[in-house]
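Structure first, commentary second.
Read-outs throughout are calculated quantities, based only on the coordinates presented, and are distinct from any laboratory measurement. Everything quoted here is computed from the prediction, not taken from an experiment. Cβ: placed from backbone, ideal geometry, glycine included. Neighbour counts: every protein chain shown.
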């Protein structure tokens, strides 16, 4: 059984464009709130958290709705197409609202844009397991994650190259909004043109699942699902605590902001170069083993980082390894969740996955932030170490979701591609 890499890359275009949007959103919107509308840090933080709060409702809702949808272009495509069209229009409109005195219009458009993005993220992610055989989903998810990273790089490059200065001294982000909106429109147009969702889903349907009539998971599978989702929350709590507070921690404990940015770039780079090798290793050794290895390495690296009193080159080495560990977790966790689902419920289980990961990203800045403020900055890495170590414990008891194909006879076979 071989992964159709070209088709997987095409399917990844939706996630590619989604990640480009969120990179732009996370980078530019706080600056607009501060520089154009003079919003304070607390209010700005609340606005920036709105996407995670909306995601708790929208991602499982539209994931489940897409499971129940049946159209000539597929289950997921109507949401991907319609959501992207609305998001592109609202993104362009939002750039026009970046002006003093237009805050009510800006915040209204921003709210509508967040809703539009929430309507199609779960369907876009669920498309991959719909059209990919179960044993190959870790490999496919590695490619999807790589596409997402490239989308983020595209947005950062657009910000670096296209931001201009206005006459009043404020930055003009309109060219960046246009560049990202154009990417979103083009990516989804290519996806709809090249991928025939219904035909691919039928070709990859599991005959055993097609004969299954039960709507409930057996108790032992439900137990594994709950344990995986708890693990997802725990490792996101640890990892997100570090990424959220790292710039403050670095400048307080180790040095200037440039070093903090370099460390996070190194971690991202380590993850990017690890995605495809991790997908191959997961196909050979199993998803659960690779997650456990990744979680163990991540906890160890966080513990070692907490012992570093003076910044040195060793911190960069730690963050390269952190990138590999995070890739080992990320590539395999989502496929394990949808592996447990029946084929008709992939969207719903995709929503479950994002509900637990988003909930962790809402809770952990509050918990870790309280510790930073009231106990001290030295609590950051111990907090991350403990939450990630707890994820290792919960993953040990997972018994389902690990689907391995027969090992290839040679390494070359891992790169075979169907036409």
query: Where in the range 1-36 does the label zone of residue 204 land, with the point 7 angstrom along Cα→C-beta and an amide N cut-off under 20 Å?
result: 1-19
message: If packing is taken as the average count of other Cβ atoms within 10 Å, what order do 26-38, 318-330, 144-156 fall into, highest mean first?
response: 318-330, 144-156, 26-38
query: Does the chain classify as rounded, prolate or oblate by the C-alpha gyration tensor (a ≥ b ≥ c root eigenvalues; a/c under 1.5 gives rounded; else a/b over b/c gives prolate, otherwise oblate)?
result: oblate
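Percent of Cα-Cα pairs more than 25 Å apart in the range 256-368, please. Before the final figure, lay out the partial values.
Values: 2013 of 6328 pairs.
Taking all Cα-Cα pairs of the range 256-368, the fraction more than 25 Å apart is 32 percent.
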- request: Could I have the simple spin-label model distance between residue 317 and residue 49, label points 7 Å from Cα toward Cβ, reported in nm to one decimal?
  value: 3.8 nm
field: Of 307, 128, 184, the one that fluctuates the most in a GNM where the chain has Cα springs shorter than 10 Å
entry: 307
statement: Short to long, in 5 Å steps from zero, the percent of alpha-carbon pairs of the range 91-181 per bin is 3, 11, 14, 17, 17, 13, 9, 7, 4, 2, 1, 0
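Working from the pairwise distances between different alpha carbons, so that the mean of 1/r is found and then inverted, what is the range 304-358's Kirkwood radius in Å? Spell out each step's value before the answer.
Working: mean 1/r = 0.0733 Å⁻¹.
Kirkwood radius, the range 304-358: 13.7 Å.
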- prompt: Normalized C-alpha radius of gyration of the range 77-130, against 2.2 N^0.38 Å?
  reply: 1.32
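Calculated from DSSP H runs of 4 or more alone, at -39500 (n - 2.57) each and per residue, what is the 222 nm mean residue ellipticity of the chain, nearest 500?
-27000 deg cm²/dmol
Which value results for Rg/Rh of the range 5-206 when Rg is the Cα radius of gyration and Rh the Kirkwood radius based on the inverse mean 1/r?
Values: Rg = 17.7 Å, Rh = 17.6 Å.
Result: Rg/Rh = 1.00.
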